[in-house]
1. Longer than 23 Å from Cα to Cα, which of LYS257/LYS469; LYS48/LYS271; LYS353/LYS428; LYS355/LYS439 are they? Say none if no pair is.
2. Under the rule a/c < 1.5 gives rounded, and otherwise a/b versus b/c splits prolate from oblate, where does region 47-122 land using the Cα gyration tensor?
3. Are there chymotrypsin sites (Phe, Trp or Tyr not before Pro) in region 440-508 that DSSP marks as loop and that have at most 16 other Cβ atoms within 10 Å, and which are they?
4. Enter the angle in degrees (range 0 to 90, nearest 10) between the Cα long axis of helix 344-357 and the first principal axis of the Cα atoms of the chain, meaning the one along which they spread out most.
5. Taking N as the number of residues in the chain, what is its alpha-carbon radius of gyration divided by 2.2 N^0.38 Å?
6. Between helix 149-158 and the chain, what is the angle of the helix's C-alpha long axis to the longest principal axis, kept within 0 to 90° and rounded to the nearest 10?
7. Just how far, in whole angstrom, is region 433-501 from region 319-336 if you go by their alpha carbon centroids?
8. Which of ASP304, ASP80 has the fewest other C-beta atoms within 10 Å, and how do the rest follow up to the most?
Amino acid sequence: MNEKQRQESSQVNPADKKSEKDYSQYFQAVYMPPSLKDAKKRGKEEVKYDDFGIPEEFRGMGQGRKFYIRTYGCQMNEHDTEVMAGIFMALGYEPTDGVEDADVILLNTCAIRENAENKVFGELGHLKTLKKGRPDLLLGVCGCMSQEESVVNRILKVHPFVDMIFGTHNIHRLPNILNEAYLSKEMVVEVWSKEGDVIENLPKVRKGDIKAWVNIMYGCDKFCTYCIVPYTRGKERSRRPEDIIQEVRHLAAQGYKEITLLGQNVNAYGKDFEDMTYGLGDLMDEIRKIDIPRIRFTTSHPRDFDDRLIEVLAKGGNLLDHIHLPVQSGSSEVLKLMARKYSREHYLELVRKIKEVMPNASLTTDIIVGFPNETDEQFEETLSLYREVGFDSAYTFIYSPREGTPAAKMQDNVPMEVKKERLQRLNKLVNDTSAQKLKEYEGKVVEVLVEGESKNNPDVLAGYTEKSKLVNFRAPKSVIGKIVKVKIKKAKTWTLDGEMVEEAVEVK
Ligand code: SF4
């Protein structure tokens, strides 16, 4: 950690006043808890770009030791797990599939909903027994929950057997944190409340060799009133285009077939660059020239979705025309309370523009029902917007307050039975529309990226179309990892059944 970051961290244990060298010399525990108040601040300082490296003294730290990471939540977390696995491997640790023979267990947590948090606390309860029997086991909590003051306080109080807590901004510090945890008898808490720098050259152990995630930016400045992410992931900061392009080229050379560009609000990509005007559309325009069959991006924010991006997406090719565009509500009043910074009309105009140049684009969305003050009429507006856009499908949620967010201070005044009834009605519409859309595929030939055996039947292969429809079909296992043409025979509620018509044709 550099001096600036140390000063910026919220609260520092007296031990931190020592230099880094003194610090490990005296075996003091790191105690650097998060502060929501500091996490709200958005600094004007330039983002610093740094390269990852393993300090010489930590090499071989993992010899003869195994690690296990359990991941909760979104693709960002899944990808962070790939990075942490890469760091573990670089330190000499080996992966293991079960907690029983692990020497280090990490829970990479999600803070988006209370339910997700409860699962983690339940898991900590189970791991307590394991830890009692094996005191040398290191147990860590990382990810978004670690960035919340209330969570860290609860772990300190209720689960003192946890060895380390670290946040989303200092994953690259894992070697140092592990070292501290081995040396210290106290819990190591190192959570930076303010965003870190952009660290390049992080090692990664990717899950699979067909599809890959590539981070293009970190953090979010939108501060939607219900969302904890801007506090847990820090301010928006973009990776340099040359670093992203190099990573994608490298993945293409390794034979990956699909890349998903990742960020909490990818449409804000490049807004933080001070030396050039460069956005997501410009980046996609470069990446589409790379020889990789499929390119996606997630997650989009309608407010920042600009004409340049639409113009580039319209070029097609390896840029897929499936766009996940969270709307959250069809009512402008509710959107205002959510601080989404767009209206129903703005959203519909954006959809119109997208469909004008990509008439076959498939749109999916996220919707929250039962936000504070949401009336029946406002909920009806969500249903009518859903019909008007003609979404392919949606992730739907009942609103629940997240501690520390502005919406948590609003009166959660929609009764639970009303929320449930609205969710049921919305889900019926989502399911009916989705089934109807899938039905239209019957008899058509689609291109499927074959990912492997179906979860339910090892004799059947499964893969996704360009528009993210899951297709099951019989074919030799040799086509796994390839793009093949499949004729759709039957549409089910959520999936399509088909028959391969062209074997392993690389269509792009
Ligand atoms: S755009 Fe809104 S909902 Fe999405 S991560 Fe940012 S604050 Fe949360």
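Laboratory data are not the source of any read-out in this text; all were calculated from the coordinates shown. Model, not experiment: these values are computed from the prediction. Counting neighbours? That spans all protein chains shown, and the Cβs are built from the backbone with ideal geometry, glycine included.
1. In this structure, LYS353/LYS428 exceed 23 Å between Cα atoms.
2. In terms of gyration-tensor shape, oblate.
3. Qualifying residues, ordered by number: TRP494.
4. Approximately 60 degrees, to the nearest 10.
5. Output field value: 1.00.
6. On a 0 to 90 degree scale, this one is about 60.
7. So the two Cα centres are separated by 27 Å.
8. ASP304, ASP80
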